[in-house]
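Read the structure below first, then the notes.
No value in this document is a laboratory result; all are computed from the given coordinates. Being a predicted model, the structure only gives us computed values, none of them experimental. A quick note on method: Cβ atoms are made from the backbone with ideal geometry, for glycine too, and the neighbour counts reach across all protein chains shown.
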Amino acid sequence: MKLATLKHGGRDGTLVVVSRDLARCQTVGGIARTLQAALDDWDTVVPELELVYDMLNHGHARHAIPFDPRHCHSPLPRAYQWADGSAYVNHVELVRKARNAEMPKEFWTDPLMYQGGSDSFVGPTDPIWAMDEAWGIDFEAEVAAVTGDLPMGAPPDRCAEAIRLLMLANDVSLRNLIPGELNKGFGFFQSKPASAFSPVAVTPDELGVAWREGRVHRPMLVGLNGKPFGRPDAGVDMTFDFGRLIAHLARTREVEAGSIVGSGTVSNKQGGLWGSSIGNGGVGYCCIAEVRMYETIESGKPATPFLKFGDRVRIEMQDEHGQSIFGAIDQVVEPYPAG
């Protein structure tokens, strides 16, 4: 099943069921007005939502309208929890290697995770707002899971079973603000502005065999200004699966329905250095920081600039037939309007 949130209908938008081919959708206010309402009563509403989904896919929905991602908010316009992990340890290792820092052994056994701002996300085609290019604006292409309720101390297998939906994320980072914040010892805050998520969130069964072992085994397709930038497989080199990530979150607290847990930047470990770019036969990258790390390791300093106003980022994932699964995050970097 595929679900989305249209921007009209208040701050939390209006829930719609979307056809598998992302061509049509239908509002379901009589079942659940918002996605959070559906998640709060998941077991009860799922059969009714699935019936609408089946009718959409077979052309029998009476009140279907064309689906347009430009009218979408993120599936959850705001959430009770946004916890972003760093499951691709290769990415972390590169960051530390670029500054000649050793990586602690426990990074391979205990997930990294930070708690991001969840009071306001942005839509999948909304601008990436910033007030200054000097902040070092970067994108991070990720997979994210939306959970049901979980008790404190829930084990990984139970956490995996509680995954209700999957979606893509653009976890925007302001790289030049990060060092100063981390030096304070309290972690990210100003350096992590509002994230965007894919137009559509899907139930894990929609992925078929691509969803296994708590991972999404499909390439993450990233474009920058119309050119391919990355296509690493999200199921490869993911050290911690989503069950492990969610269990990390649940270790000392209950997890509420509608919590979002991110995978961290998708990253594949590749042989050599410059062979990693798409232009040189590699699978590329899911953030600018990673290519800058390779450049620093190779030549002593980075060469690729961070995002500038007017740059366009596109993040998408396709099935084996080339059909978009979640729809695309398609954002342009723009200066935040004064006012």
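So the values come out like this:
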{"item": "Whole-number percent relative contact order across region 97-242, with pairs defined as alpha carbons under 8 Å at least 6 apart", "result": "23 percent"}
{"item": "15 Å cut-off, amide nitrogen to a point 7 angstrom out along residue 253 Cα→Cβ, residues in region 51-92", "result": "79-85"}
{"item": "FRET efficiency, residue 115 to residue 41 (Cβ-Cβ, R0 30 Å, nearest 0.05)", "result": "0.70"}
{"item": "For the chain, built as a Gaussian network whose Cα springs stay under 10 Å, the top-fluctuating residue of 288, 163, 31", "result": "31"}
{"item": "The chain: angle of helix 89-98 to the longest principal axis, Cα-based, in degrees nearest 10", "result": "30 degrees"}
{"item": "Rounded if a/c under 1.5, otherwise prolate or oblate - region 280-339, Cα gyration tensor axes", "result": "oblate"}
{"item": "Full-extension gain in nm, residue 70 to residue 308, via 0.36 nm per residue minus C-alpha separation", "result": "83.4 nm"}
{"item": "Under Karplus coefficients 6.51, -1.76 and 1.60, residue-wise ³J(HN,Hα) of region 113-124 in Hz, glycine/proline x", "result": "7, 10, 9, x, x, 10, 6, 7, 9, 10, x, x"}
{"item": "Phi-based couplings in Hz for region 35-43 (Karplus 6.51, -1.76, 1.60; Gly and Pro marked x)", "result": "5, 4, 4, 5, 5, 5, 10, 3, 4"}
{"item": "Relative contact order %, region 236-319, counting alpha carbon pairs below 8 Å whose residues are six or more apart", "result": "17 percent"}
{"item": "Centre separation in Å (Cα based) which lies between region 219-260 and region 66-120", "result": "7 Å"}
{"item": "Sparsely packed GluC sites (Glu not before Pro) within region 67-176, loop by DSSP, other Cβ within 10 Å at most 11", "result": "102"}
{"item": "Cβ-Cβ FRET estimate between residue 21 and residue 161, R0 fixed at 25 Å, reported to 0.05", "result": "0.30"}
{"item": "Angle between the chain longest axis and helix 288-299 axis [Cα atoms, degrees, rounded to 10]", "result": "20 degrees"}
{"item": "FRET efficiency, 1/(1 + (r/R0)^6) with R0 45 Å, evaluated for residue 106 and residue 133 via beta carbons", "result": "0.80"}
{"item": "Cleavage-rule hits, GluC sites (Glu not before Pro), region 233-291, DSSP coil, Cβ neighbours within 10 Å at most 16", "result": "254, 256"}
{"item": "Residue-averaged [θ]222 nm for the chain, counting only DSSP H segments that reach four residues, each worth -39500 (n - 2.57)", "result": "-5500 deg cm²/dmol"}
{"item": "Length-normalised contact order for the chain - Cα pairs under 8 Å, 6+ apart - percent", "result": "22 percent"}
{"item": "Within a Gaussian network of the chain (alpha carbon springs, distance under 10 Å), most fluctuating of 59, 284, 123", "result": "59"}
{"item": "Within straight-line cross-link reach of residue 105, aspartates and glutamates at Cα separation under 12 Å, skipping those fewer than 8 residues along the same chain", "result": "93"}
{"item": "Estimated distance in nm for a label pair at residue 319 and residue 97, the labels positioned 7 Å out from Cα along Cα-to-Cβ", "result": "3.7 nm"}
{"item": "Longest exposed-site-free window of the chain, the sites being trypsin sites (Lys or Arg not before Pro) in a DSSP loop that have at most 13 other C-beta atoms within 10 Å", "result": "100-183"}
